[in-house]
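A short write-up of the structure that comes next.
Computed from the coordinates by the stated procedures, all read-outs in this text should not be read as laboratory data. Computed from a prediction, not measured in an experiment: that's the story for all the values here. Virtual Cβ from ideal backbone geometry, glycine too; neighbours counted across all protein chains shown.
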Amino acid sequence: MLSMYLPILLLFVLAALFAIFSVAIAPFIGPRRYNRAKLDYYECGIDPTPMPAGSHRFPIKYYLTAMLFIVFDIEIIFLYPWAVASGGAGSAGFGLFLLVEMILFIGTVFIAYAYIWRRGGLDWD
């Protein structure tokens, strides 16, 4: 019975050995040509500017974009298995349960979408 899992175990061991080997050998064979630009901070191609310490706040657009991603990513993760499961739902009670769950979930997503829209998360100006 355990012999069925031997190829998977060997694959995990091989992956772990490759990861450990790659991390261990990198300092020895990697390039060592450090310069000022390579050691400087990187901010998406924009020259870093000094920020005041303490109370610097990020614009709300960053948080709204993250909320958009999370809400709609979770929606896809939840809707795909539901669509697969509801295709072969055997009992009527299970189908009704799925329908109610989807109505509640899509309602929640719609509330989040309306909030993001109202707060200007979809305006990229």
- Using a basic spin-label model with each label point 7 Å from the Cα along Cα→Cβ, how many nm lie between residue 66 and residue 15? 2.8 nm
- In order over segment 25-31: 3J(HN,Hα) from phi, Karplus 6.51/-1.76/1.60, θ = phi - 60°, whole Hz, x for each Gly or Pro, gives 8, 4, x, 8, 10, x, x
- Item | Label-point separation, residue 98 to residue 76 (7 Å along Cα→Cβ), nm | 2.1 nm
